[in-house]
Amino acid sequence: MANRMEHQVGIKAESSYNTPVTVDRFVPYLDGTEGNWDTRQRQGQGVMVSTRRGFRGDRRVLPIGQGEVVIKAEAGSRQFGLLLEAAAGAGTVTAITGGSLQLFTPSIPGTVMPKSYTIQLAKVRNDGTVDTETFGGCTAVSAEIECPEDDILTVQVTFDARSYQTGVPLAVASYTAASYLFDHSQGAAGVGGTLVAPTTTTLASGLTPFGAIRSWKLEWEQNADIERWVLGGRNQPTVGILEPEFTADVEYNDTTLRTAYLAGTGLPVTVTHTTTEVVGSGNSQLQVAIPQLFLESPVTPGMADETAVVGITGKVTYNNTHDLFYIGYRTADTAL
């Protein structure tokens with residue numbers, strides 16, 4: 001018998017698409033996490049002689065269903081690389097003193113995401129009974145990393161699911177007690193200047209410190225084709241062009257952003273959050289680096305008695321040299 005605090009979400013990469021495995025990586029359950037399965041039932045439309053003026057229930061078809069799973073989690077300094085890789089698509093793990101530097105980008109080979117996942121959700125009923133739902137063939141189709149004003153960073157990944165089971169035993173969850181959370185208070189931003197791109201052992205650097213960002217979010221769609229229905233099944237979604245979008249609320253303290261918008265100039269941007277947890281010669285960190293961001297809205301404040309704040313929106317584009325964006329994760333973990 002469980003209590004209402006024992007919802008659970010686990011995930012693991014599959015060796016091949018839609019070959020479910022036993023999940024072994026867990027993130028604390030957060031509101032916004034959900035899993036749904038659409039049975040896609042079809043009703044025969046042929047009319048048969050009847051005095052009841054309705055379609056017959058024995059002329060319904062139960063085809064292959066389709067699922068969607070959303071994992072939303074607070075960004076932690078350990079056991080978080082797997083979810084970051086799922087969100088971005090590609091990643092490397094390089095050993096450093098005290099742990100590893102994990103670097104993730106959307107630059108994937110081929111036409112499908114490199115990995116699919118099995119995701120298991122434990123949903124607790126009001127009476128304490130646990131319903132277990134296991135989704136197989138989960139392909140990440142969109143994601144976002146967000147730092148709300150004066151709050152904890154979150155990562156949200158939406159998956160398309162190929163299969164669904166209710167009879168799989170619940171995996172025993174295990175969490176890293178020493179994981180630190182990445183928080184708004186630990187952040188620092190850089191805007192403009194010359195980006196020194198991240199490597200497998202170092203995070204991005206070189207930008208001009210910018211102390212005006214109140215909140216930020218990077219979100220992207222994989223433009224996945226989830227409608228690949230073939231006779232007897234559905235093929236793994238292919239993915240298309242990315243159009244990542246960066247939004248932020250920024251104090252109107254100077255004209256850096258306005259100047260770039262008026263000139264149609266792309267800006268490099270980094271946001272880096274650093275905990276007090278020691279990892280080798282430094283600390284655990286989570287960084288988003290955008291080599292080229294074009295603002296898409298005028299940078300003008302509204303009229304108010306409060307501090308002037310503007311909301312900005314920008315498109316992330318390819319600068320012919322770097323990846324579209326990088327997610328750097330300095331962690332005490334030695335593997336995903």
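The values are calculated or read from the model by the stated rules, or taken from the named source; none is laboratory data. It should be emphasised that the depicted structure is a prediction, and the values quoted were computed from it without experimental measurement. Cβ atoms come from the backbone with ideal geometry, glycine included; neighbour counts cover every protein chain shown. Side chains included, ligands, DNA and RNA excluded: accessible areas come from the protein's heavy atoms. Shrake-Rupley method; radii C 1.70, N 1.55, O 1.52, S 1.80 Å.
Extension gain, residue 1-residue 19: 0.36 nm per intervening residue step, less the Cα-Cα distance, totals 3.5 nm. Summing charges over neighbours of residue 161, with a neighbour being any other residue whose Cβ is under 11 Å away from its Cβ, gives -2 when K and R count +1 and D and E count -1.
Note on residue 126/residue 174: beta-carbon distance plugged into 1/(1 + (r/R0)^6) with R0 of 25 Å gives a FRET efficiency of 0.40. Remark: accessible surface ordering of 252, 318 (largest first) is 318, 252, probe radius 1.4 Å. Could you work out how far the C-alpha centroid of the stretch 207-269 sits from that of the stretch 156-180, in angstrom? After rounding, the separation between the Cα centres reads 27 Å.
Normalised by residue number, the volume inside the convex hull of the Cα atoms of the chain is 205 Å³ per residue. Fully extended, how many nm does the chain gain between residue 321 and residue 245 (0.36 nm per residue separation, minus their Cα-Cα distance)? Here the answer is 25.4 nm. Springs join every pair of Cα atoms under 10 Å in this Gaussian network model of the chain, and among 281, 179, 77 the largest mean-square fluctuation is at 281.
Near residue 2, within a Cβ-to-Cβ distance under 11 Å, what is the net charge of the other residues, with Lys and Arg +1 and Asp and Glu -1? So the surrounding residues net to 0. Computed from the Kirkwood radius of its Cα pairs, the Stokes-Einstein diffusion coefficient for the stretch 198-336 at 37 °C and 0.692 mPa s stands at 186 µm²/s.
Using the Cβ of residue 215 as centre and a radius below 9 Å, the other residues enclosed give a net charge of -3, where K and R count +1 and D and E count -1. Computed over the chain, the per-residue total of -39500 (n - 2.57) for DSSP H runs of n ≥ 4 gives a 222 nm mean residue ellipticity of -1500 deg cm²/dmol, rounded to 500.
Each of residue 225 and residue 202 was given a label point 7 Å from its Cα along the Cα-to-Cβ line. The distance between the two points is 4.2 nm. Using 0.36 nm per residue and subtracting the Cα-Cα separation, the extra length available between residue 94 and residue 281 on full extension is 65.8 nm. When the chain is treated as a Gaussian network with alpha carbon springs shorter than 10 Å, the biggest mean-square fluctuation among 113, 303, 48 belongs to 48. Per-residue surface analysis assigns residue 227 an accessible area of about 110 Å², computed on protein heavy atoms at 1.4 Å probe radius. Using a probe radius of 1.4 angstrom, the carbon and sulfur fraction of the accessible surface of the chain is 49%. Between residue 149 and residue 30, the distance separating the two model label sites (each 7 Å from Cα on the Cα→Cβ line) works out to 2.0 nm.
At the listed q of 0.13 Å⁻¹, the Debye profile of the stretch 1-150, built from one uniform point per Cα, gives log10 I(q)/I(0) equal to -0.74. Rolling a 1.4 Å probe across the protein heavy atoms gives the chain an accessible surface of 49 Å² per residue. With all pairs of separate Cα atoms included, the stretch 87-208 yields a Kirkwood hydrodynamic radius of 18.1 Å. Treating r as the C-beta distance of residue 56 and residue 181 and R0 as 51 Å, the FRET efficiency rounds to 0.35. Looking only at 154, 276, 317, which one moves most when the chain is put into a Gaussian network model with springs between Cα atoms under 10 Å? In the Gaussian network model the winner is 276.
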